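Written out below as structure tokens is the structure these notes cover.
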Amino acid sequence: MAFPARYVYALTGGLAPLMPSIDTSQLKRRPPSDEKITWQWLPFTNSARKDNLQLYHWVRVVNGVPPTGDYSFAKYNKSVDIVRYTDEEYEKYLTDPTWTKEETDQLFDLCERFDLRFIIIADRFSLSRTVEELKDRYYSVSRAILLARAPSSGDVSGHPLVKEPYNVSQEIDRKRALSMVLSQTKQQERKDAEVLAEAKRITESRMAARGVEESTLHVASNAGPEMAETATNVDGTVSPSSNAQLASVAVAPSSSVMAENASTLASLRMLRVYLRTYALEQMVQAASSTAGLRTIKRVEQILQDLGVNLKPRVPTKAVCAEHLELRKEILTLLNLQKQLQYKEAEGSSFRDGSYTEMPGTPKRSHSHRDQDGTFVPDSMSFGGERAGRRDQKRKGPGRLSEAPSSPAHKRPRKLKASDL
Amino acid sequence: MSKPEDTEKKILNKKLKDVEISIPIVYGNISFWLGKKANEYQSHKWTVYVRGATNEDLGVVIKRAVFQLHSSFNNPTRVVESPPFELSEAGWGEFEIAITLYFHSDVCDKPLNLYHHLKLYPEDESGPMSTKKPVVVESYDEIVFPEPSEGFFARVQSHPAVTLPRLPAGFTLPPPVPVEDASKRKRGDTKDHPLSQWFMNFSEADELLQLAAARQQSW
């Protein structure tokens with residue numbers, strides 16, 4: 001047996017290898033022996049060059065005959081076909097109040113020289129013009145010449161220059177939007193992703209029922225004025241403010257949540273048949289649509305602490321109704337808590353602005369069980385038992401207008417001396 | 001020119017708003033280890049099924065059930081044309097089974113999908129394997145028809161598999177349709193099913209209590 005040796009088969013368990021072994025004799029492909037190969041140091045020219053520069057390189061010569069043909073890399077010397085206008089054409093079609101002929105000539109020279117690499121052209125252009133301006137001038141001139149020279153407008157209607165003319169303002173906007181997206185911080189990215197995921201969930205549940213048109217929901221980014229279109233839907237309940245700044249808290253079920261409920265019911269009815277568990281999922285989603293991801297997780301944590309199944313084990317109509325109500329009550333509770341925190345924070349900073357009254361280490365803000373088993377969420381202290389309690393997430397005065405529940409704090413941290 | 005039968009059909013096709021018909025079901029699988037008889041490809045025999053939650057005959061509503069098995073099975077698309085809607089097989093692997101329920105024409109023209117993950121091996125791997133004690137995984141759910149047609153309603157209003165809500169005030173029941181002589185048809189209910197001793201009990205009472213207690217917790 002050839003390589004590998006027999007003992008290797010024993011190592012692999014006696015089975016033949018799955019891959020066919022490489023036939024090693026093929027690895028060293030020897031050239032047919034009737035050819036005589038030499039390597040020679042020979043001169044060559046390059047058709048891509050305009051001068052007659054002659055350089056030397058090693059050449060593989062077969063049987064004393066050097067290879068023929070052009071330098072092998074000459075074919076890569078491609079350039080762009082720029083349309084050049086005559087002076088007459090310029091006078092007739094191409095004059096423009098904001099461009100002189102000299103400038104336009106210079107532009108076209110640079111375009112030809114630099115193969116339409118506009119960044120470089122902008123750099124070399126004697127007057128300071130933006131890349132968009134240069135592109136605009138170049139493309140409108142080329143377009144005008146094309147149209148002027150064409151025997152009929154129908155001939156060139158398919159040409160990309162004619163079909164899709166360069167649009168300066170659109171380009172400026174596009175680049176600005178792009179740079180905004182690229183310069184988004186991780187924070188903003190995460191927020192956007194959250195909101196988009198929620199929007200997707202909402203539209204998907206709507207689409208399932210309607211099953212007709214697509215609705216696209218673009219949400220304004222936190223950084224700036226991106227295009228923000230709201231979904232077109234029957235109720236028009238998805239408000240742009242659901243681009244959830246977690247600070248925008250709804251206290252009681254706002255009218256938008258009620259309408260969400262109604263529209264979910266309507267879409268369920270349109271399904272003609274559905275599973276109770278599916279219906280519950282939809283209703284829960286609708287009820288939580290104004291809540292951020294973190295709030296939803298807290299609701300689920302509370303449910304678990306209460307010993308309630310996150311998904312009911314026996315989802316009858318009554319059980320589902322109770323489950324939904326419970327979730328809504330928890331949501332309302334959390335919202336109220338948040339509102340309370342903000343109000344307390346605002347109130348106290350206006351009142352005294354000093355931090356000397358800090359209580360002991362604040363406990364974690366999500367609920368926990370008390371010793372005697374009754375369920376006491378410790379952040380609920382309407383009665384003012386913790387008199388000087390501050391919002392532990394607040395950093396300092398003057399920052400109250402910002403959302404204290406910034407995603408940077410995934411879990412509420414204990415107040416440190418360094419915060420003051 | 002409309003015939004009396006057409007008018008009757010129109011009446012029967014009329015949708016009843018505010019009346020919801022729901023069918024409580026339980027679906028899942030029961031699997032037995034084959035013990036000595038097991039081989040490499042068939043270590044368990046299992047049955048996947050959809051049954052009425054109180055073991056009533058689902059054939060009153062479901063026309064056929066299609067179980068889509070893993071592609072490694074021969075003819076992985078198994079159609080069951082009559083109740084009880086179940087499928088038995090032997091194998092070694094756990095996978096997701098898609099169950100598509102098709103309803104009678106007066107019930108609904110759209111099918112409904114259920115998904116069940118076939119479970120063969122017990123959660124607690126430490127215990128000895130037994131050929132007598134099966135692994136049972138069941139899920140409770142309810143099929144809801146939000147706007148049933150009058151004809152459907154009339155046909156099923158007194159059937160034990162079907163749950164009708166409290167009817168709205170002033171609602172006049174359509175005349176009940178005489179039911180086929182049940183003894184003539186093959187039994188579709190699962191009350192005396194050979195596997196019925198393993199069926200789980202789903203009582204909403206416990207869960208309602210749990211939820212009510214939770215809602216009353218002193219916040």
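The values are calculated or read from the model by the stated rules, or taken from the named source; none is laboratory data. This structure is a prediction, so every number in the text was calculated from the model and none was measured. Glycine also receives a Cβ, built like all others from the backbone with ideal geometry; neighbour counts cover every protein chain displayed. SASA here: full protein model, heavy atoms, side chains in, ligands and nucleic acids out. Shrake-Rupley method; radii C 1.70, N 1.55, O 1.52, S 1.80 Å.
So, A:Ala286, is that one crowded, with 19+ Cβ neighbours inside 10 Å, more than 10 Å from every other protein chain (Cβ to nearest Cβ) and closer than 30 Å to B:Val107 by Cβ or not? Walk me through it before giving the result.
On the way: crowded, with 19+ Cβ neighbours inside 10 Å: yes; more than 10 Å from every other protein chain (Cβ to nearest Cβ): yes; closer than 30 Å to B:Val107 by Cβ: yes.
For A:Ala286, the condition - crowded, with 19+ Cβ neighbours inside 10 Å, more than 10 Å from every other protein chain (Cβ to nearest Cβ) and closer than 30 Å to B:Val107 by Cβ - is met.
Looking only at residues in the stretch A:289-312 that are touching a residue at least 12 places away in the same chain (Cβ under 8 Å) and basic (Lys, Arg), which one is farthest from the other protein chains (Cβ to nearest Cβ)? Talk me through it step by step, then tell me what you get.
In the first step, residues of the stretch A:289-312 are kept if they are touching a residue at least 12 places away in the same chain (Cβ under 8 Å); the result is A:289-295, A:298-299, A:301-303, A:305-306, A:308, A:311-312.
Checking which are basic (Lys, Arg) leaves us with A:294, A:298, A:311.
Numbers: A:Arg294: 20, A:Arg298: 14, A:Lys311: 10 Å.
Among them, the one singled out is A:Arg294.
Out of the stretch A:120-148, which residues are in a loop (DSSP other than H, G, I, E, B) and open to solvent by 40 Å² or more (accessible area, probe 1.4 Å)?
Scanning the stretch A:120-148 gives A:Ser126, A:Leu127, A:Ser128, A:Arg129, A:Thr130.
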Quiz item: Does the stretch B:46-87 hold any residues that are acidic (Asp, Glu) and surrounded by fewer than 18 Cβ atoms within 10 Å (Cβ to Cβ), and which are they?
Solution: B:Glu81
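Answer yes if at least one residue in the stretch B:192-214 is modelled with pLDDT under 75 and within 9 Å of chain A (Cβ to nearest Cβ), and no otherwise.
No, every residue in the stretch B:192-214 fails to be modelled with pLDDT under 75 and within 9 Å of chain A (Cβ to nearest Cβ).
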